[in-house]
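The values are calculated or read from the model by the stated rules, or taken from the named source; none is laboratory data. As the structure is a prediction and not an experimental result, all values here were calculated from the model. Backbone-built Cβ (ideal geometry, glycine too); neighbour counts: all protein chains shown. Accessible surface areas use protein heavy atoms only, side chains included; no ligands, DNA or RNA. Shrake-Rupley method; radii C 1.70, N 1.55, O 1.52, S 1.80 Å.
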Amino acid sequence: MAAPCPEDPSLERHFKGHRDAITSVDFSLNTKQLASGSMDSCLMVWHMKPQSRAYRFAGHKDAVTCVNFSPSGHLLASGSRDKTVRIWIPNVKGESTVFRAHTATVRSVHFCSDGQSLVTASDDKTVKVWSTHRQKFLFSLSQHINWVRCARFSPDGRLIVSASDDKTVKLWDKTSRECVHSYCEHGGFVTYVDFHPSGTCIAAASMDNTVKVWDVRTHRLLQHYQLHSAAVNALSFHPSGNYLLTASSDSTLKILDLMEGRLLYTLHGHQGPATTVAFSRTGEYFASGGSDEQVMVWKSNFDVVDYREVIKVHRPPAPLATSGNLNVQTRCEDCWPEVDFPVPPGGGRSQESVQSQLQEPISMPQTLTSTLEHIVGQLDVLTQAAQHRDQACLVHSGLSQCLVQARRAQALAQPSIRR
């Protein structure tokens, strides 16, 4: 097979150390660490620096179902089939604090953007909110009638979204603790849900093999994707908000272009179901895990714009509106060519990476690098300006209108470039 072109995602690292299926992955803020949970009851914290040894954390008495770094990266949360939540300090000591309140398997953990709160979801049919620093259970949200598989805070922390085996997605107001809306369009268990970085939309994955995107202001279905041939187990938004990554039991990962409403890439690497995916905080990398006990790190490549500065000035979304975009559904059926990434050799080395087959990048003088970065920054501003001018032409999807509005806010928040 010919090597992929520079714009294609590439397999960068390959970690093997777990002894059972991978259930969850998450990057730290600075992308120096990657955490993974497994059915083997352990957490692993992998170091992105080559030749560094991984940390193995043992404390849970049963399968680790979920992991999530705090916004600062100084804490790591995990949930388990042993009904507990643990907060770890991700260093060589691996010290942890245990939170107990759930009465069944904990399926999901997620820190609020301010790091002060943690939301968890469980097979006991509840969503629970905790104070991180006071190490105290605060309250439960209890309207689901079956297992709750996922719960996430909105970027501004005002809302919570949850996904359940009752085939619904529920939107909650954190302050009033009331259910704002229930989304009932899925025909199977809803396995995962998350907020778009702008906070205006949510995406959900389901065992009915589909991914759906809704506007949280109008509660209207914006996009519907039926691309996988088996259950969709997880998804992750790119920090730019333009792309969505999915993992499926059909063993593939898929990258969707939300602005165009179409599939960009289908990635093959895992042997058996792909169970989890997560973009890094800058979007430069994404990680995946599967039932093959392997954790893979991929370089995105398809979006070369440096979004780190955009993320730094990203503003919380505007208050919920009572009216919004048109209800336009996009069903993606025309697919770009698949990119087939076989599993690289060397899997027996449990804590070492296997390098991508791509050539090492050519080093450039610092002055040239700075100049190119400046040019890229200017081009990004011009591109955003063009998108604002042409947004009236983006009629193919209601989500496109949401994303253009979000990017306008980001552009206004960026400092102007002096010529």
Entries of LYS136/LYS174; LYS93/LYS128; LYS167/LYS299 with Cα pairs more than 24 Å apart:
LYS93/LYS128; LYS167/LYS299
Sequence-separation-based contact order of the range 71-178, relative, with Cα cut under 8 Å and 6+ spacing, percent
17
Paired Rg and Dmax values of the range 72-198, which use every Cα atom, in angstrom
14.0, 46
Just to verify a number: FRET efficiency for LEU221 and ASN30, C-beta to C-beta distance, R0 = 30 Å, to 0.05?
0.25
By the mean-Cβ-within-10 Å protection proxy, highest first, 127-140, 238-251, 97-110 rank as 238-251, 97-110, 127-140
Throw me the Rg/Rh for the range 183-292, computed over C-alpha atoms with Kirkwood Rh, two decimals.
0.94
Rolling a 1.4 angstrom probe over the protein heavy atoms, how many square angstrom per residue are accessible across the range 112-245?
31
Gain on full stretching of the segment that runs from CYS184 to GLN51 - 0.36 nm per residue minus C-alpha separation
43.1 nm
Tell me, what is a quarter of the convex hull surface for the C-alpha atoms of the range 78-117, in nm² with one decimal?
3.3
What is the extension gain from ARG134 to ARG100, computed as 0.36 nm multiplied by their sequence separation minus the C-alpha to C-alpha distance, in nm to one decimal?
10.9 nm
Could you size up the charge dipole of the range 114-229 around its Cα centre, putting +1 on the beta carbon of Lys and Arg and -1 on that of Asp and Glu, and report it in debye to the nearest 20?
280
Can you check how the C-alpha radius of gyration of the range 3-140 compares to 2.2 N^0.38 Å, as a plain ratio?
1.08
Could you estimate the translational diffusion coefficient of the range 212-273 from the Stokes-Einstein equation, with Rh from the Kirkwood formula over C-alpha pairs, at 4 °C and 1.567 mPa s, in whole µm²/s?
105
Semi-axes, largest first, in whole Å: what does sqrt of 5 times each Cα gyration tensor eigenvalue give for the range 252-302?
20, 14, 8
